[in-house]
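Take a look at the structure set out below.
The values are calculated or read from the model by the stated rules, or taken from the named source; none is laboratory data. Since we're looking at a predicted model, the values are computed, not measured. Cβ atoms come from the backbone with ideal geometry, glycine included; neighbour counts cover every protein chain shown. The area values use the complete protein model at the heavy-atom level, side chains included, leaving out ligands, DNA and RNA. Shrake-Rupley method; radii C 1.70, N 1.55, O 1.52, S 1.80 Å.
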Amino acid sequence: MKLNLNIEPLDTWLKPSHQPLVIAGPCSAETEEQLLATADLLAKTGKISVLRAGIWKPRTRPGEFEGIGSIGLEWLRKAKHATGLPITVEVATGKHVEEALAAGVDILWVGARSTVNPFTVQEIADALKGVDIPVMVKNPVNPDLSLWIGALERINNAGITKLAAISRGFSSYEKSAFRNEPMWELTIQLKTLCPQLPVICDPSHICGNRELIPYISQKALDLEMNGLMIESHIDPSVAWTDAKQQLTPSALSDLIDHLTIRQPQPVNPVVSDKLAELRKQIDKIDDLLIQKLAERMSIVEKIGEYKRDNDITILQLNRWDEIIKKRASFGKALKLDEEFTTKMLELIHAESIRRQTEIMNAKSPVAEK
Ligand code: PEP
Ligand code: MN
């Protein structure tokens, strides 16, 4: 997969007033008072760079609060005027884009439920043609990197170069502590495909509760994400949407104070040397691992030939079960995570089966005789 986005660096369009970059505000604008009071306290912390609020809310079930609508733009404008903070809202249709632009919204974002739908994203992109405004694209609800990339490409193709991605977690079947699984590997893949693309993490929608937000925020920074979007409400206990995950402005300020900003490269030369030495050791071990894997595969191929020539099936479940159990408990004894060892073995096993299948399906020199 190739990803050629034409992107302007983040610091050319968004200069954080404080490190790290934090975009904050209520999940939903509910009343003028709620929005203005929240914005005022957030601005007073001096740690917030952009004010967010949802006014068109895509809700899973009808009948829930679906956002205050266009009137919220007026309130956001007042909040911007009162605090000096740039404002951002979610847009889900071409009409939303037009209204937000007319109201002087500084940054737009595409929500997770819109990113899943190329028609919706294209409609938003069409409304953005000829406009110079920053746009942030949340990952789709489902763990599909292509959909996320596709949405970024559609917006970029419309001429938007002030572009960022927002990592807000993915829907998953498995029960977990998170509302949406972080699935960091997908965000890392996106960053690898397009290193110049800024990525902001949304710990609020990943966590779904207040307690986990500090942990996910720190983790996002340690993964070199460029900022955080965190929901904040003057009184979360009475919030009309996402009550469990919103923080008061003062709790958010406290959270920001406790974040550690780590450098991608060590500044201290002693640390740098030590790191280089340890990395050398790792490189050596990785080389050995690859060599050993290649050796293992060539034995696997011999087994494949033997099975083929003696009409034995490729997969012997009992043997495989035994391997997993033995190796996982060996790994555990060496302090390796059992799930990690099992996953790794499964991957190796899948490759072994693929190789043996190839051999099985190739004509045997014996059979040809
Ligand atoms: C939101 O930011 O309030 C929101 C609706 O987020 P998401 O699109 O990630 O669900
Ligand atoms: Mn929300």
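Among the candidates 124, 160, which residue alone is in a loop (DSSP other than H, G, I, E, B) and either surrounded by fewer than 17 Cβ atoms within 10 Å (Cβ to Cβ) or not aromatic (Phe, Trp, Tyr) (or both)? Working first, answer last.
Details: 124 fails: in a loop (DSSP other than H, G, I, E, B).
After ruling out the rest, the residue left standing is 160.
Looking across region 233-258 at every residue that is without any contact (Cβ under 8 Å) to a residue 60 or more places away in the chain, among the aliphatic types (A, V, I, L, M) and more than 16 Å from ligand 1 (Cβ to nearest atom), the one that is farthest from residue 64 (Cα to Cα) is identified as 255.
The set of residues from region 3-30 being open to solvent by 10 Å² or more (accessible area, probe 1.4 Å) and in contact with a helix residue (DSSP H, G or I) (Cβ under 8 Å, 6 or more places away or on another chain) comprises 3, 5, 6, 7, 18.
Being in a helix (DSSP H, G or I), open to solvent by less than 20 Å² (accessible area, probe 1.4 Å), within 14 Å of ligand 1 (Cβ to nearest atom) and not hydroxyl-bearing (Ser, Thr, Tyr) is true for just one of 230, 216. Which residue is that?
On inspection, the qualifying residue turns out to be 216.
Residue 205 fails exactly one of the following numbered conditions: (1) part of a helix (DSSP H, G or I); (2) touching a Pro at 6+ places or on another chain (Cβ under 9 Å); (3) within 16 Å of ligand 2 (Cβ to nearest atom). What is the number of that condition? Looking at each condition in turn, residue 205 falls short on (2).
A residue that is in contact with a Gly (Cβ under 7 Å, 6 or more places away or on another chain), within 16 Å of ligand 2 (Cβ to nearest atom) and either under 19 Å from residue 190 (Cβ atoms) or open to solvent by 60 Å² or more (accessible area, probe 1.4 Å) (or both) can be found somewhere in region 133-143. Just one residue in the set 152, 197 is at pLDDT 95 or above, assigned to a helix (DSSP H, G or I) and closer than 20 Å to residue 225 by Cβ; that residue is 152.
Working carefully through the options 38, 60, find the one that is within 14 Å of ligand 2 (Cβ to nearest atom), part of a helix (DSSP H, G or I) and at negative phi. Full working, then the answer.
Values: 60 fails: part of a helix (DSSP H, G or I).
When all the criteria are applied, what remains is 38.
Could you grab me the full set of residues in region 255-276 that are assigned to a helix (DSSP H, G or I) and surrounded by 10 or more Cβ atoms within 10 Å (Cβ to Cβ)? Talk me through it step by step, then tell me what you get.
Quick first cut of region 255-276, residues assigned to a helix (DSSP H, G or I) only: 255-257, 269-276.
Correct list: 255, 256, 271, 272, 273, 274, 275, 276.
Taking every residue in region 120-146 that is free of Cβ contacts under 8 Å to residues at least 40 places away in the same chain and pairing it with any residue that is assigned to a loop (DSSP other than H, G, I, E, B) and of a type in the set (Asp, Glu), at least 6 positions away or on another chain, the pairs with Cβ-Cβ distances below 8 Å are 133/106.
Select, from 108, 76, 85, the only residue that is part of a loop (DSSP other than H, G, I, E, B), away from ligand 1 (no atom under 12 Å from the Cβ) and closer than 27 Å to residue 252 by Cα. Please lay out each step first, then the result.
Details: 108 fails: part of a loop (DSSP other than H, G, I, E, B); 76 fails: part of a loop (DSSP other than H, G, I, E, B).
Unique residue meeting the criteria: 85.
What are the residues in region 233-254 that are among the aliphatic types (A, V, I, L, M), assigned to a loop (DSSP other than H, G, I, E, B) and touching a strand residue (DSSP E or B) at 6+ places or on another chain (Cβ under 7 Å), if any? Selection gives nothing.
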